[in-house]
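Trainee: What follows is a single structure, and I will ask about it in a moment.
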Amino acid sequence: MPDVAVSPDAYPVTARNRVKRLHERGRYDRAAVHAILDAAMVCHIAYVIDGQPYCTPTAFWREGDHLYWHGSSASRMLRAQKEGLPVCLTVTHLDSLVLARSGFNHSVDYRSAMCFGTARVVEDVAAKARALDAMIDRFYPGRAAELRPSTEQELKATTVIAMEIEEASGKVRAKGIGDDEADYALPIHATRFPVTQVIGTGEPCPRMPAGVPVPPGLAGFTPGRRLDEIMLESHRTTFGEG
């Protein structure tokens, strides 16, 4: 049961997802948590198998209050999740490096999200095929319909995992330099270095037939644009707001 009463627009706050250190940075409303998730392409999934902890990086996507990821059917993680496995899925965006006037106040600006739930294999073949199309469209809107259909063997070799978000929290630091008041007068260089991932110039396959146009769904992938902005835009184009 939640430790704190929350609105329907927020995730329940419990001992598991409560932000304990610097709690003022915590975010529990769905809109804030979803924005952090949807701006990312890669997550890390932590789980325990036979007493041994693991943490696996993988591409993921969100539909409503469910998170999805995929991988090889031979994967140890995915095989273990077949019957249901408690997992913690995290996402982090590094937004800046912060150099202060003391070692203690050196920091980074960031956005992070932590989601808890039970991961299970999507067994239904049609549902799995739909999910894999949704994964492509989530990153590159409308692209699934432009591709050749997946073969039966490709579908068999791929496992799709779904997890309902039971509890989640976000954590955000965006304050830049935060020195002790007495330190601001010290003759020590302090600065903030913004950090972004940006799209470079596309490199078309040299074996692509001449005259193949760039599809409309890739219009947002222009050189110099921030990847997190493109991912958020692509998610909203595919699944809408929320």
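The values are calculated or read from the model by the stated rules, or taken from the named source; none is laboratory data. Please read all numbers here as calculations on a predicted model, not as lab measurements. Cβ coordinates were reconstructed from backbone atoms using ideal geometry, including for glycine residues, and neighbour counts include every protein chain displayed.
Trainee: Out of Arg111, Arg120, which single residue is assigned to a strand (DSSP E or B), under 19 Å from the mean Cα position of the chain (by Cα), at pLDDT 90 or above and more than 22 Å from Ile36 (Cα to Cα)?
Mentor: After ruling out the rest, the residue left standing is Arg120.
Trainee: Could you list, in sequence order, all residues of the stretch 157-175 that are outside any loop (DSSP other than H, G, I, E, B) and more than 22 Å from Arg16 (Cβ to Cβ)?
Mentor: Scanning the stretch 157-175 gives Thr158, Thr159, Val160.
Trainee: If I ask for residues that are touching a Lys or Arg at 6+ places or on another chain (Cβ under 8 Å), modelled with pLDDT under 90 and either within 17 Å of Glu164 (Cβ to Cβ) or of a type outside the set (Lys, Arg) (or both), which ones from the stretch 23-35 would you list?
Mentor: Answer for the stretch 23-35, where residues must be touching a Lys or Arg at 6+ places or on another chain (Cβ under 8 Å), modelled with pLDDT under 90 and either within 17 Å of Glu164 (Cβ to Cβ) or of a type outside the set (Lys, Arg) (or both): just Gly26.
Trainee: Filter the stretch 105-125 down to residues that are more than 27 Å from Leu94 (Cα to Cα) and either buried (at least 18 other Cβ atoms within 10 Å of the Cβ) or aliphatic (A, V, I, L, M) (or both), then give me how many there are.
Mentor: Number satisfying all stated conditions: 3.
Trainee: Could you grab me the full set of residues in the stretch 139-181 that are acidic (Asp, Glu) and farther than 30 Å from Thr191 by Cα?
Mentor: So the first thing to find is which residues in the stretch 139-181 are acidic (Asp, Glu), and the list is 146, 152, 154, 164, 166-167, 179-181.
Glu146, Glu152, Glu154, Glu164, Glu166, Glu167 - these are the residues of the stretch 139-181 that are acidic (Asp, Glu) and farther than 30 Å from Thr191 by Cα.
Trainee: Test each condition in (1) free of Cβ contacts under 8 Å to residues at least 60 places away in the same chain; (2) assigned to a loop (DSSP other than H, G, I, E, B); (3) not small (Gly, Ala, Ser) for Glu154 and report the one that comes out false.
Mentor: The single condition Glu154 does not satisfy is (2).
Trainee: Still on this model: Filtering the stretch 203-223 down to residues that are within 24 Å of Leu94 (Cα to Cα) and out of contact with any helix residue (DSSP H, G or I) (no Cβ under 7 Å at 6 or more places or on another chain), which residue is surrounded by the most Cβ atoms within 10 Å (Cβ to Cβ)?
Mentor: The qualifying residue surrounded by the most Cβ atoms within 10 Å (Cβ to Cβ) is Thr222.
Trainee: Taking the stretch 71-108 only, how many residues are of a type outside the set (S, T, N, Q), modelled with pLDDT of 90 or more and either assigned to a strand (DSSP E or B) or in contact with a Cys (Cβ under 6 Å, 6 or more places away or on another chain) (or both)?
Mentor: Count: 13.
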